[in-house]
Each structure stands twice: as structure tokens, then as C-alpha cells.
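Some notes on the structure that comes next.
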Amino acid sequence: MARRTMQLKLVSTNKLYGPLPMDKLIQLASEGRLLPEDQVRAAGTETWYAVADVPALAGRRPTQRGRTARGERVQGPVGA
């Protein structure tokens, strides 16, 4: 089975990343590195979706960007 990959666009900087595996995006969301208005799309498609509209990502975001669930600061938006 092919691994699902997505492109990521950070709205605040208008930078594109990816394709990234979905588990990496889930990790980034869980660490607070994504804002609800940041956007993702399946690799090879044209339609962008807000992180807030993607159930696998929306429910994992802590309350502050740039902090882990434990409140620790994180480096950069993607840091691949």
C-alpha cells in the first residue's frame, strides 16, 4: 500500500513543504507547529484544505503555536 503524502503551506510565511508523510504532519500538529489556518493538500492534487478542516490534524493541535503539549518551545515550523 502506498504511503499517503501531503504538501503543507504555512499561511504566515507562504512557504511550501513536502510532500510529507501524514504521520509527520500529525506530529507537527501535535507539537503546535501548525496553525488552524495553515493548509494541506494531498500530493498531486490542486485543492488546499485548512488544517482546522482535516480531522486527523485539527484535534491534535495544542493551544499555542511553537510549544509542545508539555509547553516546551520548539524550533522552526517543520524542521525536517
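Readers should treat all values here as calculations from the given coordinates under stated rules, not as data from a laboratory. All values reported here derive from a predicted model rather than from experimental measurement. Counting neighbours? That spans all protein chains shown, and the Cβs are built from the backbone with ideal geometry, glycine included.
Listed values, structure above:
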{"quantity": "Order by protection proxy (mean Cβ within 10 Å, highest first), peptides 19-32, 36-49", "calculated": "19-32, 36-49"}
{"quantity": "Stretch gain in nm, segment ARG4-LEU16, where the contour uses 0.36 nm per residue and the Cα spacing is subtracted", "calculated": "2.6 nm"}
